[in-house]
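The values are calculated or read from the model by the stated rules, or taken from the named source; none is laboratory data. Just so it is clear, the structure is predicted and the values come from calculations on it, not from any experiment. As a convention, Cβ positions derive from the backbone with ideal geometry for all residues, glycine included, and neighbour counts pool all protein chains shown.
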Ligand SMILES: Nc1ncnc2c1ncn2[C@@H]1O[C@H](COP(=O)(O)OP(=O)(O)O)[C@@H](O)[C@H]1O
Ligand SMILES: [Mg+2]
């Protein structure tokens, strides 16, 4: 049975009494309601939402992303209604069972992002921004991060933070998806049909998305999320991109992400 949800009038004008299903895949804590050809995402309002709206407006026509149909803020909640992207995402069994095709298409997706003109982009995730978000996360619960920090050779999260802050790699700005993981990239007819979940997109270093992609390939095939695909080598992505991996940069981004996982 469909749960009863509050939907603001502005949004209801589009969704009416239409049927939806809920999504259990996302990990952000947002609620996602999937209609035939639209998707409604609702979560606690934060000023970040205003930047997301600007980003959708700026991105229109530049890349295959959902079209922003309507948005609203009501009772401390944000509501965003977009078009639904067709196809299957990267953690579809058929995609994971075909590593050559999957990594080829992911490389294609990354190149589409990198070919985007970043002039006027309303957000930039610089190293300063990333490190200050990391610091906030650490300050909120430093003790909970001790295990992961020790695993990586640091005595605590502040030592890890200090290390990253003083070992910033060179910055190579491109348009970055911001959460380039397999569930967020859709494919159809052997091409990228769309990028979803672009709330954190903006200008950032090229390796921000590369390292997200590698991590997602690894975790979706090594059993972290339950599925094991023998012989899947995430590094195939570099062959498809035609570049050799910068391991130091990958480690920098992996260490930042480790406090959010
Ligand atoms: N515009 C869309 N088109 C198609 N599917 C979508 C769309 N938006 C969300 N979904 C589905 O809902 C899931 C969760 O939505 P997402 O925006 O990624 O939320 P989260 O931030 O929780 O990851 C996606 O992985 C996808 O399966
Ligand atoms: Mg998502």
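Regarding residue 254, is this residue surrounded by 20 or more Cβ atoms within 10 Å (Cβ to Cβ) and at pLDDT 95 or above? Here the answer is no, as residue 254 does not meet what is asked.
When 29, 61, 76 are screened for being within 15 Å of ligand 1 (Cβ to nearest atom), outside the structural domain of residue 198 (by TED's automatic domain parsing) and at positive phi, only 29 passes.
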